[in-house]
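Let me begin by presenting the structure, written as structure tokens, before commenting on it.
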Amino acid sequence: MTRSRTFSDIHAEVSARYPSGQTAGGVSVDDIVQLRMQNSYDTHLDIAREMAKVMRADMAAYDADSSKFTQSLGCWSGFHAQQMIKAVKRLRGTAKGTYVYLSGWMVAGLRNRWGHLPDQSMHEKTAVADLIQEIYVSLRQADEVALNDLFRDLKKAGSEAERAKVIEKIDTFESHVVPIIADIDAGFGNEHATYLLAKELIKAGACCLQIENQVSDAKQCGHQDGKVTVPREDFIEKLRACRLAFEELGVDDGVIVARTDSLGAGLTQKVPVSQQPGDLASEYIKWLKTEPISDQNPMREGELAIFMNGRFVRPARLPNGLFPFQEGTGRQRVIEDCIASLTQGGADLLWIETDTPNVDEIAGMVNEIRKEVPNAKLTYNNSPSFNWTLNLRKQVRQQWIAEGRIAEGDYPEGTELMKADYDDTDLGREADARLQRFQTDISARAGVFHNLITLPTFHLTAKSVDELAHGYFGDQKMLAYVKTVQREEIRRGISAVRHQHEVGSDLGDSFKEMVAGERALKAGGHANTMNQFAAE
């Protein structure tokens, strides 16, 4: 996002208040202008309102051209988010189309006070809002540091032409602030609890909330077994709770992602009450696993019967009281979930949790949904829970065998196919090519507006620290740090190599100059070792 008010606008406004060029206390008009431009948002709620508009514009652009899909990486700290956006801006010159995904899994696993926890909503829910707040503090500080550098250049400008060039850069500066898609799990309770938490996430800056149709007190990670879904009317009430939270706080364009875990969820906690044939409850109940009641199989004390298709049947019930669905019905339940969420719950985007990355499978479900809702769009989890190499190689192998391009024995069938021996084979190269275009394919063929990876920074941190530790505590010692970290930072142009500057040391110096002038005790003098990494 670029700013709507220019340097000249703000300078004229402040100068009108202080025609002498400074306040009665000696504060410079130029310094006031700088700080105002560095402070783009009064509150994080303002961020939520602005970023919701950004998402809506991106969704409209995708509807017109499916190649304009958006992307994000899951981040578990403000610093991860900041460095991601900086990298994208360095690569593309803009962060447009890039979001931050806030993963409930990583909050549970890494950001709560109770230790590393599984993705079961056992962590304190305030941690989710705290992380959103932290991410936006980090992104805003990246703005402040970058703009401070520009204002320093402005002070050094020797001519009006040089000043005009720097002011243009200030006026066209693109913020590091981007939309956050925030995972609210299953709402951490009933619809009222969902509403209360949604408000806190929005006030922290979230313009988009992602909520899933699992039972709150039995919530599981989408890629684990034992998932229990709620009846559709229960989920719709939570979608409405999120919408009310957006509306109450004046985030009129707030975006809601309705996630269904039904593809891998074989259980429900309760049997909803049907009022008439074809309503949400009856459409949910029809997929329950049942058995006929007869003289040979009579009802017993404490059992439940349902009148279905003109007769009473007994729904199967587990010892824990949960009701299983018929096997093989997950796909159809997903389609019905999605249509109900869009048409009756007011959701804006869908999330279908799948067990493998298969474009054809997802496209098939989306095509069914679009028969009822033509502009249905998805957020898709390019999950680290998938073994991407193995899955794509298996898909290629299966297709090539069916087409007669290879024989069964040309490549192994199972996990053997994962070996590095197959990296440079025709099959390995084709699988990698499909990986490279996976997001493009799924966005064009399966209506995926937003591609994300939920846990990349979890795995990246583990891998990077492991790599450094092996070298540093092994034979390489200091060479390990310099070769794998610092040298790469310098050569790739990663600003964090100047770590003092990255966290605002020069920003602090500028403020000291504003209030103390020549008396300012600054950190950025000739003895500052960051001068060894002076920006080129």
message = Kindly evaluate Gln214 against the criterion of being modelled with pLDDT of 95 or more and buried (at least 24 other Cβ atoms within 10 Å of the Cβ).
response = no
request  = Out of Gly524, Gly471, report the one residue that is at pLDDT 80 or above, surrounded by 14 or more Cβ atoms within 10 Å (Cβ to Cβ), over 24 Å from Cys75 (Cβ atoms) and not assigned by TED's automatic domain parsing to the domain that holds Pro384.
outcome  = Gly471
ask   = Could we say that Asp46 is among the acidic types (Asp, Glu) and either within 24 Å of Leu455 (Cβ to Cβ) or in contact (Cβ under 8 Å) with a residue 24 or more places away in the chain (or both) here?
value = no
message = Just to be sure before I move on: is Gly508 in a helix (DSSP H, G or I), over 30 Å from the mean Cα position of the chain (by Cα), modelled with pLDDT under 80 and closer than 23 Å to Ser138 by Cβ in the structure I sent?
response = yes
query = Under 8 Å by Cβ, and 6 or more places apart or on different chains, what pairs join a residue from region 339-368 that is touching a residue at least 12 places away in the same chain (Cβ under 8 Å) and within 25 Å of Ile236 (Cβ to Cβ) with one that is surrounded by 23 or more Cβ atoms within 10 Å (Cβ to Cβ) and among the acidic types (Asp, Glu)?
reply = Trp351/Glu212; Glu353/Glu212; Glu353/Asp261
key: Condition met for Lys477 (more than 18 Å from Phe386 (Cβ to Cβ) and free of Cβ contacts under 8 Å to residues at least 12 places away in the same chain)   = yes
remark   = Over region 380-431, the set of residues in contact with a helix residue (DSSP H, G or I) (Cβ under 7 Å, 6 or more places away or on another chain), over 30 Å from Gly447 (Cα atoms) and in a loop (DSSP other than H, G, I, E, B) is Ile406, Tyr411
Extreme residue, nearest to Ile211 (Cα to Cα), among residues of region 326-370 that are touching a Phe, Trp or Tyr at 6+ places or on another chain (Cβ under 8 Å) and among the polar types (S, T, N, Q) = Ser341
query = Taking Ser121, is it of a type in the set (Gly, Ala, Ser), crowded, with 17+ Cβ neighbours inside 10 Å, closer than 30 Å to Ser216 by Cβ and over 17 Å from the mean Cα position of the chain (by Cα)?
reply = yes
Scan of region 299-320 for residues that are exposed (fewer than 15 other Cβ atoms within 10 Å of the Cβ), free of Cβ contacts under 8 Å to residues at least 24 places away in the same chain and within 42 Å of the chain's Cα centre (by Cα), ordered by number = Pro319, Asn320
inquiry  = Restricting to region 237-286, count the residues that are of a type in the set (Val, Ile, Thr) and part of a loop (DSSP other than H, G, I, E, B).
reply    = 3
inquiry  = Condition first: of a type in the set (A, V, I, L, M), touching a residue at least 24 places away in the same chain (Cβ under 8 Å) and either surrounded by fewer than 21 Cβ atoms within 10 Å (Cβ to Cβ) or part of a strand (DSSP E or B) (or both). Now tell me which residues in region 55-111 satisfy that.
reply    = Met59, Leu73, Ala87, Val100, Leu102, Leu110
task = Check whether at least one residue in region 146-157 is part of a helix (DSSP H, G or I), acidic (Asp, Glu), closer than 25 Å to Phe458 by Cα and in contact (Cβ under 8 Å) with a residue 60 or more places away in the chain, and report yes or no.
result = no
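The values are calculated or read from the model by the stated rules, or taken from the named source; none is laboratory data. These numbers were taken from a predicted model, which means no experiment stands behind them. Reconstructed Cβ throughout: ideal geometry from the backbone, glycine too, with neighbour counts over all protein chains shown.
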